[in-house]
């Protein structure tokens with residue numbers, strides 16, 4: 001595909017996506033830096049399925065997270081072990097997204113509760129300590145309360161970034177602005193005013209690129225956030241203080257065929273002091289074993305529908321342009337073969353982190369290294 005081809009939108013420049021019909025593996029990595037020094041790294045694989053529920057636009061994600069590694073090792077500290085084992089009750093978790101891509105509802109809460117009841121008894125008989133029982137009780141309260149569990153998912157970087165408002169209208173010449181609350185300090189989130197913009201053309205490998213960029217609008221000081229104070233205490237009592245400073249940027253790449261997720265690259269920079277910044281980098285990539293992979297989709301019929309919808313509101317000059325575009329969309333065996341060959345080369349070299357035949361750790365981490 002030519003990188004000069006413009007993205008097809010629905011009416012009002014709305015971006016939508018449909019279900020995908022294959023199980024996909026993604027590699028996730030979280031890195032926490034103090035200035036340039038890496039403090040902590042977490043990585044794992046996650047398998048995602050997407051299935052239609054009742055209607056064309058009503059679908060559910062089934063997400064199954066694999067083993068979590070902290071600094072390239074399985075959790076070994078008691079608290080980390082407990083939280084890791086407790087989280088296994090969540091997976092597989094089924095998520096119903098809202099129309100804009102954000103998390104709407106957990107679809108299999110009853111299954112999660114049943115898994116937790118069994119797992120809780122096993123953990124209680126294995127771990128004998130006051131700390132362990134406190135963790136179990138806290139997790140118990142969270143899992144049994146569906147609404148609180150849904151809220152807590154947004155404090156996890158994977159769910160927070162994956163279920164973001166991407167499928168929205170993208171007006172020309174201005175950004176769509178959203179208020180984000182990102183989990184910079186775990187359950188202590190920072191508020192951002194975030195502008196969403198879309199690159200107007202498909203990439204050479206038929207990807208759609210969306211940017212979310214923002215600055216903090218939180219009125220608290222950094223000390224208040226770190227201490228877990230969830231309101232601007234110093235401001236309310238008239239005490240002099242400095243509002244925290246934080247910036248974020250997230251790049252999303254979507255497959256052009258079905259508008260599903262290919263990758264996420266996020267960077268959050270938060271000022272801790274005059275000499276110290278907290279930098280968090282999060283990456284999520286589709287792990288592709290076949291360099292020729294393209295999503296299964298009804299892209300031609302969908303584009304025809306989109307063009308027809310746009311046709312309803314076009315003027316005469318626009319209709320002429322549309323007829324030219326439709327003629328250009330008619331496949332030509334020779335040119336299609338050339339385009340496919342060129343796209344495959346670019347896809348393999350520039351974007352897709354193709355899984356290499358190495359040991360599992362090298363294979364996983366290698367995908368985050370950019371050439």
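Values computed for the structure shown
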quantity: Where residue 114 falls short, out of the listed (1) loosely packed, with under 15 Cβ neighbours inside 10 Å; (2) more than 20 Å from the chain's Cα centre (by Cα); (3) within 22 Å of residue 183 (Cβ to Cβ); (4) at pLDDT 95 or above; calculated: (3)
quantity: Residue in the range 258-266 that is over 14 Å from the mean Cα position of the chain (by Cα) and closer than 30 Å to residue 62 by Cβ present; calculated: yes
quantity: Residues (in a strand (DSSP E or B) and in contact with a helix residue (DSSP H, G or I) (Cβ under 6 Å, 6 or more places away or on another chain)) located in the range 11-55; calculated: 27, 28, 30
quantity: Residue, nearest to the chain's Cα centre (by Cα), within the range 72-83, restricted to residues that are closer than 11 Å to residue 135 by Cβ and surrounded by fewer than 16 Cβ atoms within 10 Å (Cβ to Cβ); calculated: 83
quantity: Qualifying residue in the range 132-148 (condition: under 24 Å from residue 19 (Cα atoms), surrounded by 15 or more Cβ atoms within 10 Å (Cβ to Cβ) and touching a helix residue (DSSP H, G or I) at 6+ places or on another chain (Cβ under 8 Å)); calculated: no
quantity: Qualifying residue in the range 230-237 (condition: closer than 29 Å to residue 142 by Cβ, loosely packed, with under 15 Cβ neighbours inside 10 Å, in contact (Cβ under 8 Å) with a residue 24 or more places away in the chain and in contact with a strand residue (DSSP E or B) (Cβ under 8 Å, 6 or more places away or on another chain)); calculated: yes
quantity: Candidate set: the range 175-190, residues that are over 20 Å from residue 101 (Cβ atoms) and surrounded by fewer than 19 Cβ atoms within 10 Å (Cβ to Cβ); chosen: the one modelled with the highest pLDDT; calculated: 185
quantity: Residue 254 being surrounded by 18 or more Cβ atoms within 10 Å (Cβ to Cβ) and either in a strand (DSSP E or B) or modelled with pLDDT under 95 (or both); calculated: yes
quantity: Residue check for residue 84: farther than 23 Å from residue 167 by Cβ and either in contact (Cβ under 8 Å) with a residue 40 or more places away in the chain or touching a helix residue (DSSP H, G or I) at 6+ places or on another chain (Cβ under 7 Å) (or both); calculated: no
quantity: Selection count, the range 50-59, where residues are surrounded by 14 or more Cβ atoms within 10 Å (Cβ to Cβ) and more than 19 Å from residue 161 (Cβ to Cβ); calculated: 1
quantity: Set 217, 270, 242: member being over 20 Å from residue 162 (Cα atoms) and out of contact with any strand residue (DSSP E or B) (no Cβ under 8 Å at 6 or more places or on another chain); calculated: 242
quantity: All positions within the range 15-48 that are at pLDDT below 95 and either more than 17 Å from residue 287 (Cα to Cα) or surrounded by fewer than 17 Cβ atoms within 10 Å (Cβ to Cβ) (or both); calculated: 15, 16, 17, 18, 19, 21, 22, 23, 36
quantity: Within the range 264-281, tally of residues that are crowded, with 20+ Cβ neighbours inside 10 Å and within 30 Å of residue 14 (Cβ to Cβ); calculated: 3
quantity: Filter result for residue 302 (surrounded by 15 or more Cβ atoms within 10 Å (Cβ to Cβ), under 29 Å from the mean Cα position of the chain (by Cα) and at pLDDT below 55); calculated: yes
quantity: Single match in 222, 209 (criterion: more than 24 Å from residue 277 (Cα to Cα) and free of Cβ contacts under 8 Å to residues at least 60 places away in the same chain); calculated: 209
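The values are calculated or read from the model by the stated rules, or taken from the named source; none is laboratory data. Bear in mind that the values here come from a model prediction, so they are computed numbers and not experimental data. FYI the Cβ positions are ideal-geometry reconstructions off the backbone, even for glycines, and counts take in every protein chain you see.
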